[in-house]
Amino acid sequence: EILRALEEESGLRIGAQEEYLPRLSDCNGILAGEDDLFTGMKKTEDRDRYALFLEPPIYTVRSVIAVRIDNQTSVEKIQDLFGRTVMVPDGAATVQYMRDTYPNITVDEGGDIFTCLNKLIDTGRHNFIVYHDIGLFGAIKEKALQDQITILPIVLDEYPHYVAVRRSLASDMIQQLKTALIELRTNRRLETIRARYMDSGGTMEIRMSADVFSSSVS
């Protein structure tokens, strides 16, 4: 949807691939020059070396914790997970964030987000998934797991997602994309798109409407 909106506003012809690419390795098409543009990427020091991150960002995401609704473990703050294991989708930027910020928590790169959800429901191998909210909400909706999985009202991190382009992309195209992003932010179309994916309905929506708070350790 964001690619189509960019296409309309910029006047550029953008060929969108409608597939879910959750792993860092899937972003490397930009590095190899195979792709021109990627939407929904967190800016990191490593990625910044090969991709140009366009301002303004397209939306903000929050790192949150997903659990089974019948999970009996009491988690009111991040410290309650110390000594435990959490699943994070393979190659996600959240992996390094968790390892750097919370060394007392073991991170299991459990496959893509759908594999993590399957493990949470089917095997009970681990009781927690940590990932950004829009990715979790979207995947839970797609798998129709709203009655089995909920999101805890704890925010571990908050950061923007960007449109990233290969650094060798023509400068006039880059400027067209930047201008289009500004317009999409001004007319609130980006906000409208994000809201549709966060409107999950049911239990998750109620839990996330509670006052959220950031938990960290000094």
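The values are calculated or read from the model by the stated rules, or taken from the named source; none is laboratory data. These figures come from a predicted structure and were not determined experimentally. Every residue, glycine as well, gets a Cβ built from its backbone with ideal geometry; the counts of neighbours run over all protein chains shown. Accessible surface is based on the protein model in full, side chains and every heavy atom, while ligands, DNA and RNA are left aside. Shrake-Rupley method; radii C 1.70, N 1.55, O 1.52, S 1.80 Å.
Observations on the model:
- Qualifying residue in region 21-31 (condition: modelled with pLDDT under 85, closer than 22 Å to Ile2 by Cα, open to solvent by 40 Å² or more (accessible area, probe 1.4 Å) and part of a loop (DSSP other than H, G, I, E, B)): yes
- Number of the condition not met by Ile140 [criteria: (1) part of a helix (DSSP H, G or I); (2) open to solvent by 20 Å² or more (accessible area, probe 1.4 Å); (3) out of contact with any Lys or Arg (no Cβ under 9 Å at 6 or more places or on another chain); (4) of a type in the set (A, V, I, L, M)]: (2)
- Region 77-101, subset part of a loop (DSSP other than H, G, I, E, B) and touching a residue at least 60 places away in the same chain (Cβ under 8 Å), residue most open to solvent (accessible area, probe 1.4 Å): Lys77
- All positions within region 102-123 that are assigned to a loop (DSSP other than H, G, I, E, B) and either over 24 Å from Lys141 (Cβ atoms) or of a type in the set (A, V, I, L, M) (or both): Tyr102, Pro103, Asn104, Ile105
- Annotation note: Cβ proximity below 6 Å between a residue of region 63-75 that is open to solvent by less than 40 Å² (accessible area, probe 1.4 Å) and assigned to a loop (DSSP other than H, G, I, E, B) and a residue that is among the hydrophobic types (A, V, I, L, M, F, W, C) and at pLDDT below 95 (sequence gap 6+ or interchain) occurs for Val75/Leu152.
- Look at region 120-140: where a residue is in contact (Cβ under 8 Å) with a residue 60 or more places away in the chain and a partner is part of a helix (DSSP H, G or I) and among the polar types (S, T, N, Q), sitting 6+ places away or on another chain with Cβ atoms under 7 Å, you get Val130/Thr94; Tyr131/Thr94; His132/Thr94.
- Pick from region 79-137, criterion among the basic types (Lys, Arg) and touching a Lys or Arg at 6+ places or on another chain (Cβ under 9 Å), ranking: nearest to Tyr59 (Cα to Cα): Lys119
- For region 141-178, filtered to residues that are under 24 Å from Leu12 (Cα atoms) and touching a helix residue (DSSP H, G or I) at 6+ places or on another chain (Cβ under 7 Å), the residue that is modelled with the lowest pLDDT is Arg166.
- Enumeration of residues in region 32-56 that are within 30 Å of Ile105 (Cα to Cα) and either touching a residue at least 12 places away in the same chain (Cβ under 8 Å) or among the aliphatic types (A, V, I, L, M) (or both): Thr39, Gly40, Met41, Lys42, Lys43, Thr44, Arg47
- Some residue of region 161-182 being open to solvent by less than 20 Å² (accessible area, probe 1.4 Å), within 24 Å of Ile78 (Cα to Cα), touching a residue at least 24 places away in the same chain (Cβ under 8 Å) and touching a strand residue (DSSP E or B) at 6+ places or on another chain (Cβ under 9 Å): yes
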